[in-house]
Amino acid sequence: DGNAQDYHIGLDDSADTLVIGKGSALGTTTAMSFDANGIITKPLQPAFYAHNNGTDNITNIAINANRAVPFSTELFDNNGDFASNTFTAPVTGKYNLGVSLRLQHIDSAAAYYIVSIVISNLSAHFIFDPDYGQDNVYHSVRFSTLTHMDANDTASVTINQNAGTAQTDIQGDASYTYFFGHLVA
């Protein structure tokens, strides 16, 4: 074909799978695999899941400012598209992105909190008013969005507390504080 890239389609008898991939032979780089039950896996499909660990508590979120939320540990990152707390879309497409934050020491005097997935094209926000009549010990915020991203667009997470006292923390716990995404189409 005139270029240096080779592809293969073949049957892996040992695993009973039909494989499509890059490289001139089976076993090089699998792009798609079809098993005997018709289940399709795509190990190169853009997908990531990053979280905070138990030592990553963020204390006393600043007031009236967007605070970047760090995610120190990757559970998986199929193509290395997540780095420095930011996902970079490798190809143009529709992406499902989601975030969960466990907030502690919620200030009832705050006017509102906004958690955002900041995306190059169009950001997504979750807003809530913490007027519970008293300071809450904890509150989890979870939301996701389906969005269009062009190749090299980025997505990251911020939090903003409007008014009140800088007392709210983000608990660094992998089961409560995480950021994920994958290419849908």
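The values are calculated or read from the model by the stated rules, or taken from the named source; none is laboratory data. The structure presented is a predicted model; accordingly, all values stated were derived computationally and were not measured. Surface areas here come from the heavy atoms of the whole protein model, side chains and all, with no ligands, DNA or RNA. Shrake-Rupley method; radii C 1.70, N 1.55, O 1.52, S 1.80 Å.
Quick notes on this structure:
- On full extension, the segment bounded by ALA31 and THR86 gains 17.4 nm, given 0.36 nm per residue less the C-alpha separation.
- Seen through its C-alpha gyration tensor, with square-root eigenvalues sorted a ≥ b ≥ c, the chain comes out prolate because a/c lies at 1.5 or above while a/b is bigger than b/c.
- Structural descriptor for the chain: relative contact order 28 percent, calculated from alpha carbon pairs under 8 angstrom and at least 6 residues apart.
- Surface composition of the range 17-154: carbon plus sulfur atoms hold 52% of the accessible area, using a 1.4 angstrom probe and ignoring ligands, DNA and RNA.
- Coupling constants for the range 86-102 follow from the phi torsions by the Karplus curve (6.51 cos²θ - 1.76 cosθ + 1.60, θ = phi - 60°), and in residue order they are 10, 8, 10, 5, x, 9, 6, x, 9, 10, 9, 10, x, 9, 9, 10, 9 Hz; glycine and proline get x.
- GNM remark for the chain: springs join alpha carbons under 10 Å apart, and the peak mean-square fluctuation among GLY133, GLY172, GLY80 falls on GLY133.
- Based on protein heavy atoms only, the chain ends up with 52 Å² per residue of surface accessible to a 1.4 Å probe.
- Counting all C-alpha pairs of the range 91-185, share separated by more than 23 Å (%): 31
- For the chain, a Gaussian network of Cα nodes joined below 10 Å ranks LEU18, LEU101, LEU44 by mean-square fluctuation, and the top entry is LEU18.
- Computed over the chain with a Gaussian network model linking Cα atoms closer than 10 Å, the most mobile of PHE48, PHE126, PHE34 is PHE34.
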